[in-house]
1. Could you work out how much longer the chain between Lys96 and Val51 gets when fully extended? Use 0.36 nm per residue separation minus the Cα distance between them, nm to one decimal.
2. Under a 10 Å cutoff between Cα atoms, tell me which one of Asn71, Asn32, Asn107 has the largest fluctuation in the Gaussian network model of the chain.
3. Could you line up Lys14, Lys120 from fewest to most neighbouring Cβ atoms inside 10 Å?
4. Tally Lys and Arg at +1 and Asp and Glu at -1 over the other residues with C-beta under 13 Å from the C-beta of Tyr87: what net charge comes out?
5. How much length, in nm to one decimal, is gained on full extension between Lys79 and Thr4, taken as 0.36 nm per residue of separation minus their Cα-Cα distance?
6. Quick one: check the C-alpha center-to-center distance for the stretch 84-122 versus the stretch 22-46, whole angstrom.
7. If you take every DSSP beta bridge fully contained in the chain, what fraction is antiparallel? Give it as a percent rounded to 5.
8. What is the order of Arg18, Arg94, fewest Cβ neighbours within 10 Å to most?
Amino acid sequence: MNYTIEIVSPIMGKGLGRVYRANNNGIETEENYVELGAIVRDDNNNVVNNVVVSVDATDPNQNKTMTGTGNIYPVRTAKGKIKTYYYPFHYQFRKKGKHKITFSVGNVQEEVQITVGENKPK
């Protein structure tokens, strides 16, 4: 079976496409983390929620493996919103610089790269 992976931002305002700042002392603001999700589809373009998905990140202490998911994400289509399964991943930015997050299922991978700046001084 071949799979495809689509990386999404399942929680509005907490995903991709915004400013990120590193903070080694934990989360102070929403800039210190990102919420991502992976929608996995099979050969027939059907969403699957019963496969093993691995996530490898620049900070290996945050890597994660998921065996199945029950998380639901509303996806907009030409027919309107439909609910689909996704594999969630929460990642904290502890150091500035480039961060790579890679979702894998079987031998298929999809990744995002995020540039993180210094934390703002208080």
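Each value in this text was obtained by applying a stated rule to the coordinates, not by laboratory testing. Only a predicted model underlies this, so the values are computations on that prediction, with no experimental measurement involved. No Cβ is skipped: glycine too gets one built from the backbone with ideal geometry, and neighbour counts run over all protein chains shown.
1. That pair, Lys96 and Val51, stretches by 12.9 nm at full extension.
2. The residue that fluctuates most here is Asn107.
3. Lowest to highest Cβ neighbour count: Lys120, Lys14.
4. Here the count lands on -1.
5. In short, 24.8 nm is gained.
6. 6
7. Of the beta bridges lying entirely in the chain, close to 95 percent run antiparallel.
8. The order, fewest Cβ neighbours first, is Arg18, Arg94.
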